[in-house]
Amino acid sequence: MNRKDLIAEYDDWYKRKPHKWTSNERNRFMLDVLECYSDPQILLDVGCGNGHTLKAIQDVYPQTTLYAMDISQEALALTNNKVKGVYTVQSFIDQTTLGIRFDWVLCMGVAEHFENLLPSLERLKSLTGGYCYMEIPNCLSYSPGEETYRRLERGSRQWEWHLTRETWEELILAAGFEIVQELVGENPAWEFVWVLK
């Protein structure tokens, strides 16, 4: 699928289901982790979706400068309606030209969709001036098979990397990240969680 079609697919999902992929449980888990580190001063949410995570951040850390990145203009419009003063960027991570390093970068349920995986992880690292909170589903648990990039056969039918935790960690390290903390999320949809630096 080309990128123009992919953007149209995500725009359509958010038009039809503006609350798609919202999860208060995931946000609570992430906030509990962030509480153990420094308060975010400037934070980027890569693949922000409808802005539910940024809204949760803003409710707890109202002084944080927030940036939202997504490929979907529809998702960014939803984020703008939900989060006061957020800066939005429509871009794929491997094409972004932001000249900012963030003290916190969130990448929740997004890295598995990076088509150009290692270059995208390297770009993510280049934006991280402090910590990166990364959450990835255990795709192999609900879509068994070989480790590869493929479209799901049911459910959302998204394109995803189906990799083990060990393979993800090898790629994360190859991209230049240091693993500060390794966690296990509460269900397979957000099972692989790390704090990176």
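The values are calculated or read from the model by the stated rules, or taken from the named source; none is laboratory data. Keep in mind the model is a prediction, meaning the values are calculated, not measured. Note: ideal-geometry Cβ built from the backbone for every residue, glycine included; neighbour counts use all protein chains shown.
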Report task. Pairs only if they're at least six apart or on different chains, beta carbon under 8 angstrom, first in the stretch 42-64 and more than 22 Å from Phe92 (Cα to Cα), second among the hydroxyl-bearing types (Ser, Thr, Tyr) and surrounded by fewer than 24 Cβ atoms within 10 Å (Cβ to Cβ); list them, first residue then second. Result -> Ile57/Thr64; Gln58/Thr64
Query - Counted residues, the stretch 12-41 - those being in contact with a strand residue (DSSP E or B) (Cβ under 8 Å, 6 or more places away or on another chain) and under 20 Å from Val89 (Cβ atoms) - result: 2
Query raised in the report: Among (1) under 24 Å from Arg123 (Cα atoms); (2) within 18 Å of the chain's Cα centre (by Cα), where does Ala56 come up short?
Result: (1)
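Taking the stretch 153-186, which residues are within 22 Å of Gly130 (Cβ to Cβ) and in a strand (DSSP E or B)? Show your work before the answer.
The first filter runs over the stretch 153-186 and keeps only residues within 22 Å of Gly130 (Cβ to Cβ), leaving 168-169, 171-183, 185.
Answer for the stretch 153-186, where residues must be within 22 Å of Gly130 (Cβ to Cβ) and in a strand (DSSP E or B): Ile179, Val180, Gln181, Glu182, Leu183.
Name the one entry in Cys132, Cys107 that is hydrophobic (A, V, I, L, M, F, W, C) and either out of contact with any strand residue (DSSP E or B) (no Cβ under 7 Å at 6 or more places or on another chain) or over 26 Å from Glu9 (Cβ atoms) (or both).
Details: Cys107 fails: either out of contact with any strand residue (DSSP E or B) (no Cβ under 7 Å at 6 or more places or on another chain) or over 26 Å from Glu9 (Cβ atoms) (or both).
Exactly one residue qualifies, and that residue is Cys132.
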Requested in this report: State yes or no: is Arg150 farther than 25 Å from Leu54 by Cβ, part of a strand (DSSP E or B) and not aromatic (Phe, Trp, Tyr)?
Outcome: yes
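I'd like the residue in the stretch 175-197 that is touching a helix residue (DSSP H, G or I) at 6+ places or on another chain (Cβ under 6 Å) and among the small types (Gly, Ala, Ser) and, out of all such residues, is farthest from Asp5 (Cα to Cα).
To start, the set of residues in the stretch 175-197 that are touching a helix residue (DSSP H, G or I) at 6+ places or on another chain (Cβ under 6 Å) comprises 175-177, 188, 190, 192.
Cutting the leftovers down to among the small types (Gly, Ala, Ser) gives us 175-176.
Working: Ala175: 28, Gly176: 31 Å.
So the residue we want is Gly176.
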Requested in this report: Considering every residue within the stretch 58-74, establish whether at least one is part of a helix (DSSP H, G or I), touching a strand residue (DSSP E or B) at 6+ places or on another chain (Cβ under 9 Å) and surrounded by fewer than 24 Cβ atoms within 10 Å (Cβ to Cβ).
Outcome: yes
Query - Val193 in a strand (DSSP E or B), crowded, with 19+ Cβ neighbours inside 10 Å and of a type outside the set (Asp, Glu) - result: yes
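Considering the stretch 123-147 alone, what residues qualify as being in a helix (DSSP H, G or I), modelled with pLDDT of 95 or more and not hydroxyl-bearing (Ser, Thr, Tyr)? Don't jump to the end; show me each part of the working.
Narrowing the stretch 123-147 to residues in a helix (DSSP H, G or I): 123-127, 139-142.
Subset that is modelled with pLDDT of 95 or more: 123-127.
Arg123, Leu124, Lys125, Leu127, listed by residue number.
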Report summary line: Only one of Arg165, Arg151, Arg101 is under 21 Å from Leu34 (Cβ atoms) and basic (Lys, Arg), namely Arg101
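Got at least one residue in the stretch 3-18 being among the small types (Gly, Ala, Ser) and either surrounded by fewer than 19 Cβ atoms within 10 Å (Cβ to Cβ) or in contact with a Cys (Cβ under 6 Å, 6 or more places away or on another chain) (or both)?
First pass over the stretch 3-18, keeping only residues among the small types (Gly, Ala, Ser): 8.
Among the residues that remain, those that are also either surrounded by fewer than 19 Cβ atoms within 10 Å (Cβ to Cβ) or in contact with a Cys (Cβ under 6 Å, 6 or more places away or on another chain) (or both) are: 8.
Checked the stretch 3-18: at least one residue is among the small types (Gly, Ala, Ser) and either surrounded by fewer than 19 Cβ atoms within 10 Å (Cβ to Cβ) or in contact with a Cys (Cβ under 6 Å, 6 or more places away or on another chain) (or both).
Would you point out the residue of the stretch 89-105, among those that are within 15 Å of the chain's Cα centre (by Cα), in a strand (DSSP E or B) and touching a residue at least 40 places away in the same chain (Cβ under 8 Å), that is nearest to Pro18 (Cα to Cα)? Outline the logic, then answer.
Within the stretch 89-105, the subset within 15 Å of the chain's Cα centre (by Cα) is 89-94, 96, 102, 104-105.
Next, from what is left, pick out any that are in a strand (DSSP E or B): 89-90, 102, 104-105.
Then keep just the ones that are touching a residue at least 40 places away in the same chain (Cβ under 8 Å); that gives 102, 104-105.
Working: Phe102: 27, Trp104: 26, Val105: 23 Å.
Among those residues, the one meeting the criterion is Val105.
Checking the conditions here, which among Lys55, Lys84 is over 21 Å from Lys17 (Cα atoms) and surrounded by fewer than 23 Cβ atoms within 10 Å (Cβ to Cβ)? Give the derivation first.
Working: Lys55 fails: over 21 Å from Lys17 (Cα atoms).
Checking each option against the conditions leaves just Lys84.
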